[in-house]
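Read the structure below first, then the notes.
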Amino acid sequence: MASLRKPRGRLFRKYVLLFVTLVSGALLTSGLVEIYFSYQENKTALVRVQREKALAAASRIEQFIKEIERQISWTIQPQWGARSAALEQRRFDYLRLLRQSPAVTEISQLDSSGKEQLRVSRLAMDVVGSQADFSQDPKFLEAKSGKPYFSPVYFRKESEPYMTIAMSRSGEDPGVTVAEVNLKFIWEVVSQIKVGKAGHAYVVDSHGRLIAHPDISLVLQKADLSSLPYIQAVLAGPPSLAQERDEATIARTFQGKQVLTASAPIAPL
């Protein structure tokens, strides 16, 4: 009898072990599937939060540019009377604009032939009647067509990022008003954006160069992010695609860290 019980006992233990293994495997598989889908949902939710913050930042930067446009617009109204008096009034308007808009560092008036008649700057002496010829410059040619002109980002004195905004004037001497805008002020927008403990926002131009980052020293070093695959994807895709993107994108930063990314274009730039 003892010899019969031993095989039955071993068989019972095998069945118990098989049952436990199957149940454990099913539970483990179910748990892994649940963890995977939970991970994907959390990742997508986090990217949506990032995307909302990116859209909000893009909107604030757009408003920053539009406000400068609005301030420039009241300096391009037609003025009548003697040329010297009109020029002095224009200079007064430009000085007032510089006081009200710290981002604008210089503003100038080009006449209908593209020659500079007045330049007022917070960085240098004012210049009257220089006659410098900008008739073939895009800021004159494109603005004269009636649409505001936004130049590519450039670095003044090889450090701070700038952009030129030009708008056409009307009146007896229709020409173009040109403003040089310091984009360092966009830093205030991106430095306030936080996602989780380590998330942050930054802005690149159409060539992938960094123009605003919480660490402003990276901007002053003119960091070039154009080689990063996700930056290339954003710059290559149409704005509508970037705006509607909800999927989670995993990428590595230029510092080698693995991150989730989301982006938004800045209209009308």
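Each value in this text was obtained by applying a stated rule to the coordinates, not by laboratory testing. Small disclaimer: the values here were computed from a predicted structure and weren't measured. With ideal geometry, Cβ positions are generated from the backbone for all residues, glycine too; neighbour counts draw on all protein chains shown.
Loop-located GluC sites (Glu not before Pro) in region 146-236 (DSSP state not H, G, I, E or B) with no more than 16 neighbouring Cβ atoms inside 10 Å: E158, E172. Of the Cα atoms belonging to region 71-184, the radius of gyration and Dmax stand at 13.2, 42 Å.
Could you compute the FRET efficiency for S73 and Q221, with r as their C-beta to C-beta distance and R0 at 30 Å, rounded to 0.05?
Details: r = 35 Å, r/R0 = 1.17.
That pair, S73 with Q221, gives E of 0.30.
A simple charge model with +1 on the Cβ of Lys and Arg, -1 on the Cβ of Asp and Glu and nothing else charged puts the dipole of region 86-148 at about 220 debye relative to its Cα centre. Rounded to the nearest 0.05, the FRET efficiency derived from the C-beta distance between E88 and K194 at R0 = 51 Å is 0.60.
In region 159-217, Rg over Rh equals 1.20, where Rg is the alpha-carbon radius of gyration and Rh the Kirkwood radius from pairwise Cα distances.
Principal axis analysis of the Cα atoms in region 110-269 yields extents of 57, 33, 25 Å, listed in decreasing size. Of the residues M125, T164, L141, the one whose Cα sits farthest toward the positive end of the charge dipole of region 107-182, with +1 on the Cβ of Lys and Arg and -1 on the Cβ of Asp and Glu, is T164.
Treat every Asp and Glu Cβ in region 71-184 as -1 and every Lys and Arg Cβ as +1, leave all other atoms uncharged, and give the resulting dipole magnitude about the Cα centre to the nearest 20 debye.
On the way: 15 positive and 14 negative charges, 56 e Å.
Dipole about the Cα centre, nearest 20: 260 debye.
Taking other C-beta atoms within 10 Å as the exposure proxy, H207, H213 rank H207, H213 from fewest upward. Cβ crowding within 10 Å, taken as a proxy for footprinting-reagent exposure, orders V49, V189, V203 from fewest neighbours to most as V49, V189, V203.
Of the residues D205, D133, the one with the fewest other Cβ atoms within 10 Å heads the list, and the complete ranking is D133, D205. Under 5 Å between amide hydrogens, built in the peptide plane, is the criterion, and for A132 it picks out E116 among residues at least 5 positions away or on other chains.
Identify the trypsin sites (Lys or Arg not before Pro) of region 100-161 meeting these criteria: DSSP loop state and at most 11 other C-beta atoms within 10 Å of the C-beta. Spell out each step's value before the answer.
On the way: sites: K115, R119, R122, K139, K144, R156, K157; in loops: R122, K157.
Passing sites in region 100-161 are K157.
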